[in-house]
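The block underneath contains the structure these notes are about, expressed in structure tokens.
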Amino acid sequence: MHRIGIDIGRVIIGPVIDGREDTSFLGKRLEDALHTPPAPGALAGVADLVARTGGNAWLISKCGPGVQAKTRAWLDHHKFWRVTGMDRSHLRFCLKRPDKALHARQLRLTAMIDDRVDVLAHLEGIVRERLLFGEQERPAPGWATHLRDWAAVGAWAAEHLGAPALRRGA
């Protein structure tokens, strides 16, 4: 059984595209944050991962209480839970990047998508598939699989996760 963790910042919201990052989500106004678009293909990509893992997908994000509140509001504003089919209870936050490893161990993740090498390095011995997302300034380490965008995530999922499971109620 596959169990996957997905980072939010610079993966689902505000990825680096052509060397530029949309930082409006991190601004002071909630209104700006709510109107930050998802990364191209992110919502469909998460829905695909949810289906392929039979619902065993979680969002795991490092941020403080203010950004946590904005993130929850953004997810609701974009109808994330309905569109992706992810269970609303599958949202985890931590205050330090290394603490994502605690969530990964507790959830028994088999894969994690994150845009930061240091986060993925902390998952050594915990998560089998460490997936480095987005444009990077340096080549991915040999132990990580680089997925440049959500199309690449889809191709990886098709190869490694098999056919989507039937959604409940489908």
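No lab work stands behind these numbers, since they all come straight from the coordinates. No experiment lies behind these values; they were computed from the predicted model shown. Reconstructed Cβ throughout: ideal geometry from the backbone, glycine too, with neighbour counts over all protein chains shown.
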Filter the range 28-37 for residues that are part of a loop (DSSP other than H, G, I, E, B) and crowded, with 18+ Cβ neighbours inside 10 Å and give the result. Thr36
Val46 is checked against (1) on the phi > 0 side of the Ramachandran plot; (2) touching a Leu at 6+ places or on another chain (Cβ under 9 Å) and fails just one. What number does that condition carry? (1)
Answer yes or no as to whether Val11 is aliphatic (A, V, I, L, M), within 16 Å of Phe80 (Cα to Cα), assigned to a loop (DSSP other than H, G, I, E, B) and within 16 Å of the chain's Cα centre (by Cα). yes
List the helices (runs of 4 or more DSSP H) inside the range 38-144, counting only whole elements, that have at least 3 residues being without any contact (Cβ under 8 Å) to a residue 60 or more places away in the chain and over 16 Å from Asp7 (Cβ atoms). 65-77, 80-84
